Amino acid sequence: MVHYGFDFSERYKVPVMLRITTRLAHSRAGVKRRDPRKKNDLKLPEDLHQFVLLPAIARKRYHNLLKMQDLFRQESETSSFNQYMDGPDKSLGIIVCGIAYNYLLENYPDRHVPYPILKIGQYPLPKKMIERLYAECKEILVLEDGYPIVEESLKGLLGKGLKIKGRLDGTIPRDGELNPNIVAVSLGMKNTYGMPVPSLMVGRPPSLCSGCPHIDSFKALNEVLEGLPKGRVFSDIGCYTLGALKPYEAINSCVDMGASITMAKGAADAGLVPSVAVIGDSTFAHSGMTGLLDAVNDKSPITIFILDNGTTAMTGGQDSPAFGKIETICKGIGVEEEHIHVLRPLKKFHKENVKIIKEELAYPGVSIIIPRRECIVAIDKRVREKFKKAAIV
Ligand SMILES: Cc1ncc(C[n+]2csc(CCOP(=O)(O)OP(=O)(O)O)c2C)c(N)n1
């Protein structure tokens, strides 16, 4: 699909999006790769206004985009990603998207689904194919993961009339992911997957690793904030977000990259004292710095923890762009040097760390606390690689 998407994009000069849903994103399988394609020759745009979205230009571009919709619809009608598969039992027609097709087939071990199926993988919706399904079947069932995008669009396409079953009429739960069970029930079949889950398969929600430096940081922070009403620690996205869970319950927000500092600043400006931000070293480099500049300019009374584990742990250990530069960046942005502290998040320094945090929480300006200790998984990986290399030599 990605190859096809690139070609489509080149042909029509439009962006193409690949929409994946949670389960697909979390699936693994062996894949066979194609040979790499030849790169496009580097060339400058012919239309110098293409990416200048001034209102006067954007209006024209939108007009053109609308004019192209018929072409896109025609492409959808003939695309190999949209398939009409006939079936003998016309009491139901099934529209399936993406991974829902696999769930449907799992309920028919011989792969013979008795109903006509319209499998949709390319948008805009193939109107003619949908009309055919409407004409041939008594009812329509829509199986799509995530939001009922196709199901809602059907109304606009064909008006009211035929009964549409799916997430909107309650045949399928309105929220949550699809799975083969839900599909079975929506087809009026027995839930063949309703067997007890073996203990090996019981869900294990993620948690901070044993030995993770964030644990020591949260323990110190929790001790300092003990006794104060909760809800004042604004955080970001990274491994440390797991500090929201028990037993730490140390942070109270995770909205988007960089929002910890701006939210803490907003809360402090509105009168919340103390107000704390918790952000990872990578996220700080990505989008925490801009918020910090605002906080410094306004001398907002906030304490910012930049948890420096020397890596981008949550996404697999990529290098952090701020590596070795955090203090310099903070100073450059204007944080007073005496309010920048590097701590060692270790049990043996707990008392000392608590004292520093307490002092900085009392300071009515911007303070930076940098607990610095390498991610335990990164250390493990590094050591393993070293031994592997030694073994090869
Ligand atoms: C806009 C955006 N881009 C990328 C991501 C993916 N992502 C999740 S956490 C994270 C960074 C984590 O690194 P860091 O802040 O250093 O925390 P750590 O996991 O190391 O504790 C990224 C890039 C995202 N959530 N949002």
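Taking the radius of gyration and the Kirkwood hydrodynamic radius from Cα positions alone, what is the Rg/Rh ratio for the range 242-326, to two decimal places? Show your work: numbers first, answer last.
Details: Rg = 13.0 Å, Rh = 13.3 Å.
So for the range 242-326, dividing Rg by the Kirkwood Rh gives 0.98.
Taking 8 Å as the Cα distance limit and 6 or more residues as the minimum spacing, I'd like the relative contact order of the chain as a percentage.
Here the relative contact order equals 10 percent.
Calculate, in nm to one decimal, what residue 389 and residue 16 gain on full extension: separation in residues at 0.36 nm each, minus their alpha carbon distance.
130.0 nm
Can you tell me the orientation of helix 2-12 relative to the chain, as the angle in degrees between its alpha-carbon axis and the longest Cα principal axis, to the nearest 10?
Between the helix axis and the principal axis of the chain, the angle is about 80 degrees.
With r defined as the distance between the Cβ atoms of residue 252 and residue 89 and R0 fixed at 51 Å, what FRET efficiency is calculated, to the nearest 0.05?
E between residue 252 and residue 89, to the nearest 0.05, is 0.45.
Provide 385, 106, 352, 327 in ascending order of the number of other Cβ atoms located within 10 Å of each residue's Cβ, fewest first.
Lowest count first: 385, 352, 106, 327.
How long are the semi-axes of the equivalent ellipsoid of the chain, taking √(5λ) for every eigenvalue λ of the Cα gyration tensor, in whole Å from largest down?
Square roots of five times the eigenvalues give 49, 28, 23 Å.
7 Å from Cα along Cα→Cβ at both residue 54 and residue 127: what's the point-to-point distance in nm?
In this crude spin-label approximation the distance works out to 3.5 nm.
Using 7 Å Cα-to-Cβ label points, what is the residue 139/residue 204 separation (nm, one decimal)?
4.2
Which aspartates and glutamates have a Cα less than 19 Å from the Cα of residue 386, not counting those fewer than 8 places away in the same chain?
Straight-line reach from residue 386, under 19 Å: 319, 374.
Starting from the Cα of residue 319, step 7 Å toward the Cβ, then list every residue of the range 279-313 with an amide N under 14 Å from that point.
What the label zone holds, given the 14 Å backbone N cut-off, is 310-312.
Near residue 351, which lysines are there with a Cα under 21 Å away, not counting those fewer than 8 places off in the same chain?
Once the sequence-local lysines are set aside, what remains near residue 351 is 219.
Relative to 2.2 N^0.38 Å, what does the C-alpha radius of gyration of the range 213-379 come to as a ratio? Two decimals please.
Relative to the 2.2 N^0.38 Å estimate, the range 213-379 comes out at 0.91.
Over 30 Å between Cα atoms: which of 32/155; 299/381; 90/127; 32/128; 325/358; 43/381 fall into that group? Numbers along the way, then the final one.
On the way: 32/155 39 Å; 299/381 41 Å; 90/127 19 Å; 32/128 34 Å; 325/358 25 Å; 43/381 41 Å.
Over 30 Å Cα-Cα: 32/155; 299/381; 32/128; 43/381.
Out of the chymotrypsin sites (Phe, Trp or Tyr not before Pro) in the range 284-383, which ones are loop residues according to DSSP with at most 16 other C-beta atoms within 10 Å?
Passing sites in the range 284-383 are 323.
Grab the Cα-Cα distance for residue 226 and residue 299, subtract it from 0.36 nm times how many residues apart they are, and report the gain in nm with one decimal.
Roughly 23.7 nm would be gained on extension.
Every number here is computed from the coordinates shown, using simple stated rules; none is lab data. No experiment lies behind these values; they were computed from the predicted model shown. Because the Cβ atoms are built from the backbone with ideal geometry, glycine has one as well, and the counts that use them run over all protein chains shown.
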